[in-house]
Amino acid sequence: MGKLESRNIEKYFIHDGKPLKTLDGIDLNVEDGEFVCIVGPSGCGKTTFLRIAAGLEKPDEGQILLDNQPLNNTGPDRIMVFQEGALFPWLNVQDNVEYGLKIAGIPKEKRNQISHRYLDMMQLTQFATSYTYQLSTGMKQRVAIARALVMEPDVLLMDEPFAALDAQTRDLLLVEMQLIWQKTKKTIVFVTHNVAEAVMLGTRVLVFTHRPGRIKKEFKIDYKRPRISEDENLLPYQQKILAELRPEVKK
Amino acid sequence: MKPSLLAKKIGFYAMIIIVWQGLDSADIWPDNIFPSPVDVVEDLAYGVADASLFYGIGTSILRLIIGLTIAIAGGLVLGIFMARVETVNQTIGSLVLGLQSIPSIAWVPLAILWFGLTDTGIIFVVVIGAIFAVTINTYTGVKNINPSYIEAARNMGAKEGQLITSILIPAAFPFIISGFKQGWAFAWRGVIGAELLFSFLGLGFLLNVGRQLNDVSQVIAIMIVIMGIGILVDGVVFKKIEDKVMTRWGLR
């Protein structure tokens, strides 16, 4: 299961010696198997929220619950995919993907079996023995996603994973991401500043306000999948979301 | 056609030998003060023939390897502790910086008093000479690790112990390898220096024997051997490791 709840999450950062409110009472229920996208202006705390959900940062107020259990640490039930992938350059692709399994003490044969399945899913099989310096940015993000998926987490937390990609590679990965979600039925929370991306991926899109971050509005995106970026029927969704987002960006 | 790097090098060293031989032939200084290249080569050949040279090299290198191994192990542990525990850095860290400014040869009197004229004394000097370079580089390396590596690993379930072996050491390796390289350089100087004063086998001892016998060509021959080993370790062993690390870590 992967029901993620955020109850009244507040977070302050110290800025110039004074506390600066970054998150202002985030209340959110993400149902099992939902694909929730968070958009917001830069500095709105959307990444901070994701990091708190991952247990990489502690909230000053409030609680994160997974399947009704309060959480206070990081763990492989909620795997984070970082903006720049955070792949380990000293390991080849396969060893990167198997890292979490190895840490968990899973024997080599079983590890290989699992990693092959996900390397295949992400079309990485022929790159299994490559090192990260030999990979394109798009390939690296594929590896990062495969590395997260092998952990079979309840929740996948993705922090602008496609921000650094060129448009063609991004479009391709946006479609693949939907297929993976449909296949694995994972709960996904996906942070981005790209509205088109959010509309393509999300079952629900949340708009965050300018700092301190609050949920300003949410949009349900009921539309067939896989959605492609050229689909004009997605434009009205984008326009509605942009109308909410634009005043926040200008603040 | 541009001469190759190898050709340039060979030309350069050939020139040195020619000038050297020329100075010798000019008879400005007596032979026992300024030997010819031939004298030095003859001396090396003697050393090879009676195996004393190999024995000297072997003894020095063995001390170096033992000392450097201890220094590397100790320096890694100390450096990681300093990087991960702020109190350790604030206390031991300042002492490490201070100790590093002491030339390893300055530890020799203490080593002789503590350990006598023994192998242990020489190895002590080598360890002390090399350990702080390894420590400081390891510390810097761990401090400079991309925090996402550590967060990703913790997120995937790594405990602090697993973090050290699976993330901290490999991620800091480009720095750690420079620590090894500096450590080796200090260790090699330390071995030779200590052997000179301990006068207890090894290349430094052979240098001292040359001085006592007024045998300038032996002194020069041993110095060339010391330099040769230095070039070999720096230019072959470390260069290979560094090239590989730099490429793989995406640093070039």
Which listed residue, of A:Leu66, A:Leu71, is under 20 Å from A:Arg204 (Cβ atoms) and either more than 9 Å from chain B (Cβ to nearest Cβ) or among the charged types (D, E, K, R) (or both): A:Leu66
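A quick yes/no check of all residues on (1) farther than 23 Å from B:Arg84 by Cβ; (2) of a type in the set (D, E, K, R):
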{"position": "B:Ala152", "(1), (2)": "no, no"}
{"position": "B:Asn155", "(1), (2)": "no, no"}
{"position": "B:Ile164", "(1), (2)": "no, no"}
{"position": "B:Trp184", "(1), (2)": "yes, no"}
{"position": "B:Gly190", "(1), (2)": "yes, no"}
{"position": "B:Glu195", "(1), (2)": "yes, yes"}
{"position": "B:Leu206", "(1), (2)": "yes, no"}
{"position": "B:Gly210", "(1), (2)": "yes, no"}
{"position": "B:Asp215", "(1), (2)": "yes, yes"}
Taking the stretch A:7-30, which residues are part of a strand (DSSP E or B) and loosely packed, with under 12 Cβ neighbours inside 10 Å? A:Ile14, A:His15, A:Lys18, A:Pro19
Can you pull out the residues in the stretch B:19-40 that are assigned to a helix (DSSP H, G or I) and surrounded by 15 or more Cβ atoms within 10 Å (Cβ to Cβ)? B:Trp20, B:Asp24, B:Pro37, B:Asp39, B:Val40
Per-region count, the stretch A:99-116, residues surrounded by fewer than 22 Cβ atoms within 10 Å (Cβ to Cβ) and touching a residue at least 24 places away in the same chain (Cβ under 8 Å): 2
Per the filter on the stretch A:105-129, residues farther than 24 Å from B:Ala158 by Cα and either within 23 Å of the chain's Cα centre (by Cα) or assigned to a loop (DSSP other than H, G, I, E, B) (or both) are A:Asp120, A:Met121, A:Met122, A:Gln123, A:Leu124
List the residue pairs whose Cβ atoms are under 7 Å apart, where the first residue sits in the stretch A:35-54 and is closer than 11 Å to A:Ile9 by Cβ, the second is of a type in the set (Ser, Thr, Tyr), and the two are 6 or more positions apart or on different chains. A:Gly45/A:Thr22; A:Thr48/A:Thr22; A:Ala53/A:Ser6
Does at least one position in the stretch A:68-86 carry a residue that is touching a residue at least 60 places away in the same chain (Cβ under 8 Å), farther than 27 Å from A:Arg117 by Cα, out of contact with any Leu (no Cβ under 8 Å at 6 or more places or on another chain) and not assigned by the TED database to the domain that holds A:Arg147? yes
Check B:Phe132, B:Phe173 and return the single one that is away from every other protein chain (no Cβ under 14 Å), within 24 Å of the chain's Cα centre (by Cα) and among the aromatic types (Phe, Trp, Tyr). B:Phe132
Candidate set from the stretch A:189-245 (those that are surrounded by 14 or more Cβ atoms within 10 Å (Cβ to Cβ) and of a type in the set (S, T, N, Q)); member that is nearest to the chain's Cα centre (by Cα): A:Thr192
Among the numbered criteria (1) over 30 Å from A:Asp77 (Cα atoms); (2) within 14 Å of chain A (Cβ to nearest Cβ); (3) part of a loop (DSSP other than H, G, I, E, B), which single criterion is violated by B:Gly157? (1)
Give me the strands (runs of 3 or more DSSP E) completely within the stretch A:144-246, filtered to those with at least 3 residues that are touching an Asp or Glu at 6+ places or on another chain (Cβ under 9 Å), ordered by residue number. A:187-192, A:204-208, A:215-220
Looking at B:Met223, is it within 14 Å of chain A (Cβ to nearest Cβ) and either touching a helix residue (DSSP H, G or I) at 6+ places or on another chain (Cβ under 9 Å) or surrounded by 18 or more Cβ atoms within 10 Å (Cβ to Cβ) (or both)? no
Evaluate the stretch A:97-104: report whether one residue or more is in a helix (DSSP H, G or I), basic (Lys, Arg) and over 15 Å from the mean Cα position of the chain (by Cα). yes
Given the conditions (1) within 16 Å of the chain's Cα centre (by Cα); (2) surrounded by fewer than 17 Cβ atoms within 10 Å (Cβ to Cβ), and given that A:Met80 satisfies all but one, which numbered condition is not satisfied? (2)
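The values are calculated or read from the model by the stated rules, or taken from the named source; none is laboratory data. Predicted, not measured: the structure shown is a model, and the values here were computed from it. Using ideal geometry, Cβ is built from the backbone for each residue, glycine included, and neighbour counts are taken over all protein chains shown.
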